[in-house]
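Heads up: the structure comes next, in structure tokens.
Bear in mind that the values in this text are calculations on the coordinates, not laboratory data. The structure displayed is predicted, hence computed values, not measured ones. Here the Cβ is made from the backbone with ideal geometry for all residues, glycine too, and neighbour counts use every protein chain on show.
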């Protein structure tokens, strides 16, 4: 298979790689959310591919007031359906949950709903989630006529851990008050990691040199939100005098922050990692999210926080009230910028970003 | 004349609901004064268990519906919005949060514990977390995973919910020094089961033509099943209601005189616009089945109280797989001889509204049931385009008339 010459370009047209998978006979599994363990898909000999919201409009099958991100992901699932051998949806928030309902009525491809417990802080949830992962493993085995043994699982865990380590090390190069790696580079690699075969993406990341950041005097920002696939949103921050020093996006640090621990029981280890990882706004105690945000803003010496909110994203919209209250108390300026279609609204978003950066001395 | 006609469309029993609600909230203040813990709950949490623990449950969702029906919600919405809660968030939650942020001087006494179960939507959790942030009150978040097949009502999914109920009991016992009395729980479960049985029997009488219980009744009569489950009062209310409806059915008395169209209504009612029901009825259309009103009744087995309550928490309507939900739609279409479906796309309830179009599509394409889908909000009248909705109702009824 031909791998893009520069994996940093892949985000511009992520579907290009799907044709390559199809032509080479690789079976791609489309998944929607970073709570889905890629390790299980890979251990079944399948190719993981996280479905984004880019390159399409929202689906006509959802009402206008449902999260446009989830709706566009759904639309992409239909548009790209022929490239996939199956879909995995995770119950994180209401719209993502209901994608499953809609897909169930509209696709003939194997479809799995992973029920991710909201409570991330107790043993019962862990036990339950392990049962869900066992069910997921069985789904893969039955639908794709494979057997996933512990050796395969340990090997895919190792690969994914290595991938996460690389991404995290690059990320940590900006800690304290350092300006080592531009955010655009970081996000490009995280996204490529969700779309490409792990050995290739690992090899290419290792071959890259990132110590070329030219944002030295820019205002250090933390980016709060859910998923950002449209990297123009990152570009406009950098162009407006900002430097995304840290983030808690599921297309960013939440994807790779923690690793699967070594264990004799790989499914338990996976359940632990995916439940205890940095929580999505839809998951876990709110206090944990606030604590994580504080940890990031301190660790990366952040001067301001931007929240990018997809219109109608309930978890972000509730949390944003408490995040703003906490940051105000800590003397950190914060702003919430909401949008429904970032491509169409980019000029408005840029004006908001510029005004915010100016207001904190950028 | 018009007021007589209006009255004829609401059952005598339904008229008592307003008083029952006020009395229920007033007793919450009494409980608080007596030192009993008051729980703020999301609906479809295990009321029976709280009652057996001597915790008084009240539901801010009720409060939101009631404020909306009485035109009192706007001030609360605005208070919440002023503090940063987006207008795109659930209107019940904006009403409840606005109540808290404006000082809680009203029907609901401040909570001693916040209890929610994530079953019908994830908003419950975010709303309850927000309440905790404002009030600092202990919070219990339970969850009932989506029921994919009926097997989940017996396997590890059920087990997960049962164990969470035990955790809730432990938390309440530790926080308030209470002790769960199993004999009391069994009695409460029996009462809850009885009220559900009565309500299901009442709903079945809507199969009669003309239909003896209308949409205005079913929207209100569920109240005792929501927070009063496990009380004598709830059973008494539903006994009286059943008797009244039976009598009407026996006399072949309908809610409307000239019943032309029998409709299914999918959604929560628009609490500020009960007159919309009358608009349908004035045109010979009556609602004979709503998944919403049926969802509150669940038969319990007093010999297995915790397991039975866990099944109830799991099996609430929206938490059942789409195929199970559509199956029930189709049964009801036959059972109640339904001519068409009205689906309310509720801006506040994304969990309910998101898959409505595919449901409607299935009803229409596979089972030839015409439908009307309209958008508004259940409690916020600012999202209500009355004239446009009424136009669409006219067109829909015209289509039904031509079939």
_Residue of B:119, B:243, B:155 that the Gaussian network model of chain B assigns the largest fluctuation, springs spanning Cα pairs under 10 Å_ = B:155
_How are the alpha carbon pair distances in the protein assembly as shown distributed across 20 Å bins from zero to the largest one, expressed in percent?_
16, 48, 30, 5, 0
_DSSP beta bridge pairing in segment B:14-180, given as percent antiparallel to the nearest 5_ = 0 percent
*C-alpha center-to-center spacing [segment A:250-319, segment B:223-272] in angstrom*: 47 Å
*Express the relative contact order of segment B:184-402 as a whole percentage, based on alpha carbon pairs under 8 Å and six or more residues apart in sequence.*
23 percent
*Quick one: Cα centre-to-centre distance for segment B:83-121 and segment A:180-198, in angstrom?*
40 Å
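Take every Cα pair under 8 Å in segment A:7-148 that's 6+ residues apart, average their separations, divide by the length, and report that relative contact order as a whole percent.
21 percent
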*asked:* Output needed: percent of Cα pairs per 10 Å distance bin for segment B:36-179, bins running from 0 to the one holding the longest distance.
replied: 11, 40, 32, 15, 2
*Nearest 10 degrees, 0 to 90: helix A:94-106 Cα axis against chain A principal axis*: 40 degrees
_Förster-model FRET efficiency, 22 Å R0, residue A:155 and residue A:81, C-beta, rounded to 0.05_ = 0.15
*In segment A:11-26, which residues have a backbone nitrogen under 16 Å from the label point lying 7 Å from residue A:208's Cα in the Cα-to-Cβ direction?*
A:11-14
*Can you tell me the alpha carbon radius of gyration of segment B:313-357 divided by the globular rule-of-thumb value 2.2 N^0.38 Å?*
1.25
_Scaled radius of gyration (Cα, divided by 2.2 N^0.38 Å) that segment B:145-290 gives_ = 1.33
*Determine the distance separating the Cα centre of segment B:315-341 from the Cα centre of segment B:60-81; give it in Å without decimals.*
30 Å
*In degrees between 0 and 90, to the nearest 10, how far off the longest principal axis of chain A does helix A:286-299 point, with axes built from Cα atoms?*
60 degrees
*Among A:264, A:163, A:341, residue whose mean-square fluctuation peaks in a GNM of chain A (springs only between Cα atoms under 10 Å)*: A:264
*Please report, largest first and rounded to whole Å, the three semi-axes of the ellipsoid equivalent to segment A:7-148, where each semi-axis is the square root of five times an eigenvalue of the C-alpha gyration tensor.*
23, 21, 14
*Once you have the Cα-Cα distance between residue B:209 and residue B:166, take 0.36 nm times their residue separation minus that, and quote the gain in nm to one decimal.*
10.9 nm
*Per DSSP H run of at least 4 residues, take -39500 (n - 2.57); add these up for chain B, divide by its residues and hand me the 222 nm value, nearest 500 deg cm²/dmol.*
-16500 deg cm²/dmol
*Of all DSSP beta bridges located in segment A:1-154, what percent are antiparallel, nearest 5?*
0 percent
_For a quick check, take a GNM of chain B with Cα springs below 10 Å and name the residue from B:177, B:98, B:136 with the largest mean-square fluctuation._
B:177
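With r defined as the distance between the Cβ atoms of residue B:364 and residue B:155 and R0 fixed at 56 Å, what FRET efficiency is calculated, to the nearest 0.05? Don't skip to the end; give the middle numbers.
Working: r = 34 Å, r/R0 = 0.62.
That pair, residue B:364 with residue B:155, gives E of 0.95.
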*Can you give me the relative contact order of chain A as a percent, contacts being Cα pairs under 8 Å and 6 or more apart?*
18 percent
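Taking the Cβ of each residue in B:15, B:347 as the centre, tally the other Cβ atoms inside 10 Å and list the residues starting with the fewest. Show your work: numbers first, answer last.
On the way: B:15 12, B:347 22.
Starting with the residue having the fewest Cβ neighbours, the order is B:15, B:347.
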*How far, in degrees from 0 to 90, does helix A:68-79 lean away from the longest principal axis of the Cα atoms of chain A, to the nearest 10?*
40 degrees
*Fully extended, how many nm does the chain gain between residue B:178 and residue B:102 (0.36 nm per residue separation, minus their Cα-Cα distance)?*
24.2 nm
*What list of whole percents do you get for P(r) of chain B, with Cα-Cα distances grouped in 20 Å bins up to the one holding the largest distance?*
27, 60, 12, 0
*At a Förster radius of 30 Å, what calculated FRET efficiency corresponds to the Cβ-Cβ distance of residue B:323 and residue B:190, to the nearest 0.05?*
0.40
*Starting from the Cα of residue B:15, step 7 Å along the direction of its Cβ; do the same at residue A:345; then give the gap between the two resulting points in nm.*
5.0 nm
*Can you give the extra length, in nm with one decimal, that the chain gains between residue B:250 and residue B:74 once fully stretched, where that is 0.36 nm per residue apart less the Cα-Cα distance?*
59.0 nm
*Is it possible to state the helix-based mean residue ellipticity at 222 nm for chain A, with each DSSP H run of 4+ residues giving -39500 (n - 2.57), the sum divided by total residues, to the nearest 500 deg cm²/dmol? What is it?*
-15000 deg cm²/dmol
